[in-house]
Structures are given as C-alpha cells and as structure tokens.
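J.: Below you will find the structure I want to go over with you.
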Amino acid sequence: MKIIIEDIAADAEEEIIIRTHGLDDDVMQLITRMKQGRDTFTCIDERENIVPVKSGDVYYFDAVDGRVYVYLEKSVLEIKKKLYEIEELSASYLRISKAQIVNADRIERLTPLFNGRLEAILKNGEKVIISRQYVPELKKHFGV
C-alpha cells in the first residue's frame, strides 16, 4: 500500500481518495474511523467515565498542572491529549495563549484590552483572554 500526503492551501477543500480493489471490511472500518476522528474525540468526566464529544460542542481547552480540560456549554471534561495535538483536530480551534485554545465558532464578540490583548466573550457567557502574541493569528482567521 502506498500513502501520499499533499500539503494544500488553507482555503482549499481537503479530500481523501481511496483506490482499492474492493470495499472489504478493513477499508470500510478505515473510512468510518476517518470520518469519526474529525468530528468526535473522547474525554473523561469526574467519575472516570469515557464521554464522546463532538468537536463543534467545545468552547475552549485549558491546560492546568499537566492536564488538559475541555470546556463545553455547561460542563468540564478532561482530555488525554496535549494542546499541540488538539490544534490539529479542527480548523476552528485557535491558540489564544500558551495554555488555551478556543473554538472560534463559539466566539460571540471580541473586546480590546490593555497591552494589545483581546477578551473573547463566548456564546455561553464565559470570557477568555487572548494573549497579544496570538492576536494577529486570530485577526487573520476572522479576516480583520
């Protein structure tokens, strides 16, 4: 089997082409895992239960004391991934500080603060601070 990976422009649509002699169970499982991998990931709640989370349901991620937490509309879960791995899960996930990633789709508005920082007010009412070194990338994402 040969695997080819091409880096494309940010505004180009991603695609996966599978060339096979037949759609056997292995190929179908691979397709299913690829579709699920982009849309959901697993987290752990306070009782150590495994909880599937849709990437669009996330408001932000926060790294504290070597652990990464996922903030949803009304709950907080733990995820066993590093922040640099999380950034790759969705184009909507943007780094806003050394310890936080926000889901840009969940930002209601941005407010300027002192020293070039911004405050993001999320759709659930929570506020997160965007460090000044990450402001240009956030502005670029929103076309400002």
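Values quoted throughout were computed directly from the atomic coordinates according to the rules given, and no laboratory measurement underlies them. Source: prediction; values computed, not measured. Every residue, glycine among them, receives a Cβ derived from its backbone with ideal geometry; neighbour counts consider all protein chains shown.
J.: For the pairs LYS2/LYS80; LYS80/LYS123; LYS74/LYS123, note any where the Cα-Cα span goes beyond 22 Å.
T.: LYS2/LYS80; LYS80/LYS123, as the Cα separations exceed 22 Å there.
J.: Sticking with this one: Compute the normalised compactness of the stretch 25-142: alpha-carbon radius of gyration over 2.2 N^0.38 Å, N being the residue count.
T.: 1.13
J.: With a sphere of radius 11 Å drawn around the Cβ of LEU118, what net charge do the other residues whose Cβ falls strictly inside it have (Lys, Arg +1; Asp, Glu -1)?
T.: +4
J.: Between ALA12 and ALA91, what length comes free when the chain is fully extended (0.36 nm per residue of separation minus the Cα-Cα distance, one decimal in nm)?
T.: Extra length available between ALA12 and ALA91 comes to 27.2 nm.
J.: Any idea how far the Cα center of the stretch 54-83 sits from the one of the stretch 2-33, in Å?
T.: First find each Cα centre; the distance between them is then 28 Å.
J.: In what sequence, highest mean first, do 2-11, 62-71, 127-136, 16-25 appear when ranked by Cβ atoms within 10 angstrom?
T.: Averaged packing, sorted descending, gives the order 127-136, 62-71, 16-25, 2-11.
J.: FRET efficiency for MET28 and ILE129, Cβ-Cβ distance as r, R0 = 41 Å, nearest 0.05?
T.: Given R0 = 41 Å and the Cβ-Cβ separation, E is 0.35.
J.: With a cut-off of 8 Å between alpha carbons and a minimum separation of six or more residues, what is the relative contact order of the stretch 25-142 in percent?
T.: That works out to 16 percent.
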